[in-house]
Structures are given as C-alpha cells and as structure tokens.
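Notes follow the structure.
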Amino acid sequence: MKKSKLSNWKGVAAVIGVDWGDSGKGRLIDNLAQTADVVARFNGGSNTGHTVKNKFGKFALHIIPSGIFNSKSINIVGKNVLVDLESLIDDELQQLKKAKVSWKNLRIDQRATLVMPWHKMRDGQREESRNAKIGTTKRGVGPAYADRIERVGIRVRDLYRKDFKDLLGEEIKIQNKYFSLNLSPSKIYSQFHKYTNLIKPLVTETTSLVKSAIKNKKNVLFEGAQGYFLDVDAGTYPFVTSSNTGIIGIWRCFDVHPTDINYVIGITKAYTTRVGSGPMPTYIKGEQRDWIIKKGGEVGTTSGRIRDPGWLDLVLLKTACENNRVTNIAMTKLDVLSQLKEIKVCIQYKIGNSTTDYISGDADFLSSVKPVYKTLPGWNEDISKARNLTDLPQEARNFIKFVENYTKLPISFIGVGPDRSEVIYA
Ligand code: IMP
C-alpha cells in the first residue's frame, strides 16, 4: 500500500466521489486547493452542491469550483459543465460578494452549454408526470445535456453573437411549440443580456489553460461532482445523473489522459447516503436512520431533501476505486459515527445462493442483492480534535485499517469535523 501524503500533493490530482455523491468534496477541495495553481470542474451543473466552511464563512457552491477561496489559484468551469447563469450570478457570486471573496480568477469555458429556463421547466414537468421518478434535482441538467448531445444547445459563446437575440427567439419559438411552454422572448433576453455583460471578462477557452498548466508543472486539481454510481454510463441507470462523474469525465472535458493524473482521490463518507430514487443495499432503518441524518446534517445542499443513510458499502467503494484507478481514499465525517456501539460495513453482496464483491450492473442488479456485513466495535470519544491517526481511539483506527485492507488503498485524508482544520492527513 503506497502512502503519499495529500497535505503536500504536487502535480495533477483529481477528486471523484466513489459513492452516490454528497461525500464532502467541497471541504476536501477547499483543503487541497491551498496548494493548487488551477482547480477545474469537469462535469455536472447546478444540481451539485459543494459545501465549504472556512475562515470566510459557510458557502453552498454549485458551479464555481471550491478552490475559489485561494486567491492564487485559477478556478475553471470546463466545457462539459452545464452553466446555469441564474445559479452562478444570482446565488453563488452573491454569496462570495457578501463575504468579500474575489472571483477575478474564475474562468468559464466559452464552449460550455447553458442551462436555459426551459430546461428547468421541462425537467420538473416531465418528472411530475412520471410514475417511476428518477428523483431529479430539477435544475434542468437532464434536458440541457440532452440538447448538448442532440447538438442544439446554446453555448456560452453564443451569448456574444451579434444575432443572439434572433437565435434565442427562434429557440423559444421551438420550445413553446414542442413543449407547450409559454416563454416570453423579451423577458428571457433581458435577463440573459444582463448576465452576458457580467460574465464577459470570465469567458475564455479553458482546455488550453489546463493543458499548458500541466505542461508547465503547475499543481492542477480536478474537482468532480456527484459520485461514480451516478455516472450516466457506469452508475445505477436510470437513477443516475446525465454526465460522466468518474475519471473519464476529465479526459472528455479537458483532453487530459487518466495516466497524466498523479493522484486519483476517491472520496467517501464513513457511511454512505443516497438522495433521490434508486436502490441502496445498506439502507439503515428506524431510529438509527434519524440519528445519523440529524448528526450528519444529511439534507441536500441543492434540493433540501433528506439524504437516506446506509452503512459504508465496501463492495461499492472497491468497485469505484478499481474502475477509476484510485490511488488514495479520502474519508469524511468519521466523527458522525462516534457514540455508535457497533458499526457495520458491507463486505459482500448475496445474490440467490452466490456472493460477489464487485458491482457489474445497473439499478436492477443492485435491487437484487442483499448485503453481507462485518460488524466492528464503535467508540464513544469526541474525535474532532484528533490531528494524527494516533489521536484516534483504537476502535476508530481499526475501522480505518479494515477499510484500507479491504480496498488495498491508503486512507490519506480523514475528516473529523466540518472545518478546514478538522482533518487528519494520514
Ligand atoms: P439530476 O442530475 O438533477 O437529474 O438528478 C438525477 C439523480 O442524481 C437524482 O437521484 C439526484 O438526487 C442525483 N443527484 C444529482 N446531483 C447530485 C449531487 O450533487 N449529489 C447527490 N445526488 C445528486
């Protein structure tokens, strides 16, 4: 097991969720970004909610990379990220403005697709009329990515076309006709005209920015959104999001080959959660469910929905780590498990009379399995002051060791509280 300290990482690093998201990427990126020259988002849209708590305050970011608090790093929104200008300008930049955090180093790719008001309307409408719901965040992500794939999306650079007003008018006519909407071209034009002027200094070509940073041996950090099992191709389809959440998403967005990435950091909580629809084999029921939700603050940053908790699923974790060639695990919210008498971890799935420790299927596969658990003793102590592994109670160390042995990977970052300082770099 190779041990490489993440506190002084150098080169190219990527953070991806090895679960269903909501694992605390915001706080990890905020920590790692302190030595980053570039922080880049490569997937998702405003469906993502990255929470950051640091000396500037508490923030819920959706599109802006969580490295924005390091005034020395360039923060990039790549071409495969969906740009929701309502979220970016009316919410996220307002949060930064209030806290006097500069965004002069924010860059938005000119080729990124815009989420338009009709995408959000269609996302909600379609979901409402379905019996089997995906559980979408209604941020317009599915319809906007569908337009991108259909090659009819409006892109950031279209905002600066001389004929943007005509282009918008034509698209709104189509939307009103085919999706029975009642959109007003003049209202949307004036809203977007305002946005256009505001973001103009930030719009650029970002693939070359990232490529040249890597060539010049800068520290580049890729910030994933959601988790591997929400990946449209690899996840528990149809209960997935519409982008590539794994390592492949970086390749597609920035033409950076996975072998150019020195650290692939797979992030997970010390337990798991799932929001929206779709199976989760290790689902926790009853009082313990409510206790974890309360203690872990398991309410969606974007949607405000409760995240259902489950025991840490090592089958899930190991599969995601193997498929993405994870080099280091980051585990957050270990402190939430304190005071539990026993902690379960799922080590295998039972399907009929056989067992497996690898996920090779979609939602139907995951619905058909039963978890096989290993039960480990818990601990009572408050661990929020621990800064070294040796500060942790023996039971917590045993829990960490068990996960390391199972995945054959080092756990190099352990979150023991939400603050920037509440971390163990192992
Ligand atoms: P959509 O991407 O908004 O269409 O949502 C599709 C599914 O992915 C739903 O189950 C959402 O709850 C889930 N999802 C989307 N974004 C996130 C996220 O950032 N964290 C966790 N779940 C997410």
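Derivation of every value follows stated rules applied to the coordinates shown; laboratory data play no part. The shown structure was predicted, so the numbers you read here are calculated from the model rather than taken from an experiment. Note that we place each Cβ from the backbone using ideal geometry, even for glycine, and neighbour counts take in every protein chain shown.
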Which trypsin sites (Lys or Arg not before Pro) does segment 181-217 hold that lie in a coil by DSSP with at most 16 other beta carbons within 10 Å? Lys217
Taking only Cα atoms, what is the 0 to 90° angle, nearest 10, from helix 141-150's long axis to the longest principal axis of the chain? 60
Decide, for segment 28-70, between rounded, prolate and oblate: order the square roots of the alpha carbon gyration tensor eigenvalues as a ≥ b ≥ c, take rounded if a/c falls under 1.5, and otherwise choose prolate if a/b is larger than b/c, else oblate. oblate
Loop sites in segment 116-196: chymotrypsin sites (Phe, Trp or Tyr not before Pro), DSSP, at most 16 other Cβ within 10 Å: Phe179
Relative contact order in percent for segment 117-200 (Cα pairs under 8 Å, 6+ apart) equals 25
How much length, in nm to one decimal, is gained on full extension between Lys285 and Asp357, taken as 0.36 nm per residue of separation minus their Cα-Cα distance? 23.6 nm
Under 15 Å from the Cα of Lys138 - aspartates and glutamates, other chains or at least 8 residues apart: Asp84, Glu86, Asp123, Glu127, Glu128
So for the chain, taking the charge dipole from beta-carbon charges (+1 Lys/Arg, -1 Asp/Glu), which of Pro371, Cys346, Gly169 sits furthest toward the positive end? Gly169
Would you mind working out the magnitude of the charge dipole of segment 117-200 relative to its Cα centre, with +1 at each Lys and Arg C-beta and -1 at each Asp and Glu C-beta, to the nearest 20 Debye? 220
To the nearest 10 degrees, how steep is helix 314-323 against the longest Cα principal axis of the chain, on a 0 to 90 scale? 60
With respect to the cross-link table entries Lys344/Lys370; Lys133/Lys285; Lys53/Lys98, which display a Cα-Cα separation exceeding 20 Å? Lys133/Lys285
Lys, Arg +1 and Asp, Glu -1 on Cβ, resulting dipole of the chain about Cα centre, debye, nearest 20: 940
Förster radius 41 Å - calculated FRET efficiency between Ile149 and Thr390 (Cβ-Cβ, nearest 0.05): 0.20
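Rounded if a/c is under 1.5, else prolate if a/b beats b/c, else oblate: with a ≥ b ≥ c from the C-alpha gyration tensor eigenvalues square-rooted, which is segment 252-370?
oblate
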Would you mind telling me which residue in Ser186, Ser384, Ser303 has the biggest mean-square fluctuation in a Gaussian network model of the chain, where springs connect alpha carbons within a distance under 10 angstrom? Ser186
Which entries of Lys55/Lys215; Lys350/Lys401; Lys5/Lys215; Lys58/Lys104 show an alpha-carbon separation above 27 angstrom in the structure shown? Lys55/Lys215
What is the distance in Å between the Cα centroid of segment 247-267 and that of segment 1-73? 14
Using the Cα gyration tensor of segment 129-209, with a ≥ b ≥ c the square roots of its eigenvalues, what is the shape: rounded (a/c below 1.5), prolate (a/b larger than b/c) or oblate (neither)? oblate
Note the angle between two axes, namely the Cα long axis of helix 164-178 and the longest principal axis of the Cα atoms of the chain, as a number of degrees from 0 to 90, rounded to the nearest 10. 70
From the backbone phi of segment 125-133, what are the Karplus-calculated ³J(HN,Hα) couplings (6.51 cos²θ - 1.76 cosθ + 1.60, θ = phi - 60°) in whole Hz, Gly and Pro given as x? 4, 5, 5, 4, 8, 8, 6, 8, 8
Surface/4 estimate of mean projected area, convex hull on alpha-carbon atoms of the chain, nm²: 20.3
What is the spread of the Cα atoms of segment 341-389 along each of their three principal axes, largest first, in whole Å? 43, 19, 16
Calculate the length of the line joining the C-alpha centroid of segment 107-149 to that of segment 332-393, in whole Å. 33
In percent, how large is the relative contact order of the chain, given Cα pairs closer than 8 Å and 6 or more residues apart? 20
